[in-house]
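Trainee: The structure's right below; bear with me while I get my questions together.
Any read-out appearing in this document is the output of simple, stated calculations on the displayed coordinates, not a laboratory observation. Because the structure is predicted, anything quoted here is derived from the model rather than measured. A quick note on method: Cβ atoms are made from the backbone with ideal geometry, for glycine too, and the neighbour counts reach across all protein chains shown.
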Amino acid sequence: MDISSQQSTERKQRYKELLNDLKKQNDIDRNFSVNDLVKLQRNIEINNEIHEENATAIKESHNNNAEILMDAHILKGFHEVISKVLVESSEFNDAAYAHALNSFINRSGKSDWDVLANVATEVNKAVYTKSSMLGAADIEPRERLTKERQKRRPKVLTQEKRPDVIGKLKRKDRGAEKINIILKQVNDLYKANNCQPIPFFKLIIDPENFMNTVENAFQLSFLARDGNIAIERGDDSYPQIRVANSDELKNKTETTQAICSLNMELCEKMKNFYGIEEPMLVVPEDEDLSGESEHSESDDINVH
């Protein structure tokens, strides 16, 4: 047996001795003598010593459940014995007080609490207060108005409505006017090229203005979305544009999306590749759109 186990066995034996002493003191029918109180105090000191030793052992091994349980029983025993000592040694007793109070109230043969009230009135001292010089504040209670709860109106589900006819080429907004003008220019260039496809970069690049190049590509994307032009792969492996014919417009069922990277380096490369010296497309400024729109209304754009 190691040292820690031997010490634990000794503590348990001392706990048992304390439990036996507490049981004997709790069974005493007479009043506690001075020797009994001295012995009780000594047992409390012994228990404190054992408790400190047990606390140190718990930190080291974390396995003293039996001693912890015995310590709890001893604390409970001390509580019972000390409570018994206080009740017997004290002049005040709950049962005796209740018996005396009951006898005082029932002196005339029946319960009369007024007797106790008369005694309390003589002992009680009234608290003298001074009245306020200003008097009580005259405050009228504020009337509380109850608001009627408004009824919730049920939401009426309306059917979604869409415009019946959408004019893709004759819209009145300025963005649509630019698309109409670009479409007319593409149509004219396509006819001038004997209805042969035009290289995409040659069509959109403005050699003097990169922003115009971006604007041209942006406008052509709308024409491709609406099916007015077709973008295909040319013989030089670069995209080319042609005007879509009427059969293609009728049979158009879905749109294929594509992403084109456009930067100044690419534009410079395509400019040298196609020998571009001036732009093929001329996008009008916003202030010029009003005049262009008047001419576009008079001219019909036919796409074949």
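Trainee: How far apart, in nm, are the 7 Å Cα→Cβ label points at ALA120 and ALA258?
Mentor: 10.3
Trainee: How big is the Cα convex hull of the range 173-274 in projection, averaged over all directions, in nm²?
Mentor: It is 7.2 nm².
Trainee: Mind checking the range 176-252 for GluC sites (Glu not before Pro) that DSSP puts in a loop (not H, G, I, E or B) and that have at most 14 other Cβ atoms within 10 Å?
Mentor: Loop-located and lightly packed - GLU208.
Trainee: Work out how much length TRP113 to GLN7 would gain on full extension: take 0.36 nm times their residue separation and subtract the Cα-Cα distance, in nm to one decimal.
Mentor: Values: separation 106, 0.36 × 106 = 38.16 nm, distance 6.41 nm.
Extending this stretch completely gives an extra 31.8 nm.
Trainee: With θ set to phi - 60°, apply the Karplus curve 6.51 cos²θ - 1.76 cosθ + 1.60 along the range 194-206 and write out the HN-Hα couplings as whole Hz, x wherever there is a Gly or Pro.
Mentor: 6, 6, 9, x, 10, x, 4, 5, 5, 6, 8, 6, 10
Trainee: Work out how much length HIS79 to LYS39 would gain on full extension: take 0.36 nm times their residue separation and subtract the Cα-Cα distance, in nm to one decimal.
Mentor: 12.9 nm
Trainee: So what J values fall out for the range 65-75 if you push phi through Karplus, 6.51 cos²θ - 1.76 cosθ + 1.60 with θ = phi - 60°, rounded to Hz, Gly and Pro as x?
Mentor: Going residue by residue, I get 5, 5, 5, 4, 5, 5, 5, 5, 4, 5, 4 Hz, with x marking Gly and Pro.
Trainee: Given the range 3-89 reduced to its alpha-carbon atoms as identical point scatterers, what log10 I(q)/I(0) does the Debye formula return at q = 0.14 Å⁻¹?
Mentor: The computed values of log10 I(q)/I(0) come out as -0.51.
Trainee: Further question: Check ASP206: other-chain or 5+ apart residues with amide H under 5 Å from its amide H, H built from backbone geometry?
Mentor: Under 5 Å from the amide H of ASP206: THR213.
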